[in-house]
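Since the structure comes first, as structure tokens, the remarks are kept for the end.
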Amino acid sequence: MRPNAWISSALCAVMVVCGAFSAYAADAAADKTAIEKAIASYVKTFNARDAKVLAEHWSPEGVYTSRLSGEQVVGREALEKEFTALFDEVKGAKLEVSTESIEFVSPNVALEQGTASVIKPGAEPANSSYSVVYVKRGGKWLIDRISEEEEPPPAPSHHEQLKGLDWLVGTWVDEEGGEVITTECKWSRNRNFLVRSFTASIGDYVDITGMQLVGWDPAQKQIRSWVFDSDGGFAEGTWFSRDDNWLVKTTATLSDGTIATSTSILRPLDGGRFGWQKVDRVVGGELLPNIDEVVIVRQ
């Protein structure tokens with residue numbers, strides 16, 4: 001084959017493939033829209049308590065698996081009876097769903113995943129995650145099977161015990177004698193810990209960095225903290241509330257192995273400021289002078 005003829009054939013093949021891909025993408029987009037409309041219709045029909053029309057959203061051999069008993073309901077007739085019994089048993093139940101994804105297994109099979117809430121009068125919503133398999137029959141997308149799982153309970157949070165320290169969240173700066181200490185504080189997920197990262201620098205030179213975690217100890221029923229610095233030192237503290245101030249009694253192991261103890265006093269002030277002082281300082285068994293209060297400012 002001559003070079004020009006080969007190039008022409010290759011371009012034709014590419015154009016055919018691109019055309020087929022574009023057609024497939026257009027069909028997939030149209031099918032996704034059709035499924036989204038089917039989902040909205042299903043919710044509307046459920047909330048209208050129409051068991052017969054609700055069952056018609058399913059394929060003739062559709063299967064529903066109960067998330068509570070694991071039992072299966074098969075076929076439109078059985079499904080209609082199931083829905084009728086549900087509506088008779090629970091008056092005023094409403095369905096809400098949130099679709100997380102719709103994926104196409106083949107041109108005629110799709111998988112929807114999401115979360116659902118059945119809201120009953122005077123009761124907490126029954127929440128579940130679900131998977132729905134749709135099949136395309138006669139140009140219409142029908143439910144072939146649904147499986148559900150109860151949503152796991154939310155992870156425990158100790159924010160209630162820690163909320164008195166919410167004022168620490170933010171970026172704080174302490175400038176003293178040419179040294180700048182910057183501290184950033186934020187909540188961890190579920191607000192179980194305050195995460196404080198700090199950097200001490202002199203001019204452009206970073207002297208030390210570190211991190212502190214402040215959390216609730218459910219065994220000791222006490223707020224505690226843990227600090228780790230870039231020099232290899234670490235510390236553990238216990239927090240006490242006194243009036244509007246906080247006292248932090250700390251035991252530290254310095255990078256050379258020396259043990260140090262101290263008490264820090266944090267005093268919230270107006271205007272995005274707080275006072276910080278360190279007293280009762282003992283390093284290696286030697287009592288050291290207190291550090292006078294400095295005012296730290298929120299950026």
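Readers should treat all values here as calculations from the given coordinates under stated rules, not as data from a laboratory. Just so it is clear, the structure is predicted and the values come from calculations on it, not from any experiment. Methodologically, a virtual Cβ is constructed for each residue, glycine included, from the backbone with ideal geometry; neighbour enumeration extends over all protein chains shown.
Dividing the convex hull volume of the alpha-carbon atoms in the range 159-298 by its residue count gives 127 Å³ per residue. Annotation note: trypsin sites (Lys or Arg not before Pro) in the range 54-111 located in DSSP loop regions with a Cβ neighbour count of at most 14 within 10 Å are Lys91. Taking every C-alpha pair closer than 8 Å and separated by at least 6 residues, the mean separation divided by the residue count of the chain gives a relative contact order of 8 percent.
A value for P(r) over Cα pairs in 5 Å bins from 0, in percent was derived from the coordinates, and within the list (1) 1, 4, 8, 10, 11, 7, 5, 4, 5, 6, 8, 8, 8, 6, 4, 2, 1, 0, 0; (2) 1, 5, 11, 14, 15, 14, 14, 12, 9, 4, 1, 0; (3) 1, 5, 12, 17, 19, 17, 14, 9, 4, 2, 0 it appears as (1). With a ≥ b ≥ c the root eigenvalues of the C-alpha gyration tensor of the range 251-299, is it rounded (a/c under 1.5), prolate (a/b larger than b/c) or oblate? In terms of gyration-tensor shape, prolate. Loop-located trypsin sites (Lys or Arg not before Pro) in the range 206-299 (DSSP state other than H, G, I, E, B) with a sparse environment of at most 14 neighbouring Cβ atoms within 10 Å: Lys221. Partner lysines whose Cα lies under 27 Å from the Cα of Lys37, excluding those fewer than 8 positions away in the same chain, are identified as Lys52, Lys81, Lys91, Lys94, Lys120, Lys136, Lys140.
Under 5 Å from the amide H of Gly233 lie the amide H atoms of Ser255, each residue being 5 or more positions distant or on a separate chain, with H modelled from the backbone and absent for Pro and chain starts. With coordinates expressed along the principal axes, the C-alpha atoms belonging to the range 88-128 extend over 42, 20, 10 Å, beginning with the largest. Here the contact order of the range 220-287, divided by its residue count and restricted to Cα pairs under 8 Å and six or more residues apart, works out to 21 percent.
For the pair Thr261 and Asn245 in one chain, pulling the backbone fully straight at 0.36 nm per residue adds 3.8 nm over the alpha carbon distance.
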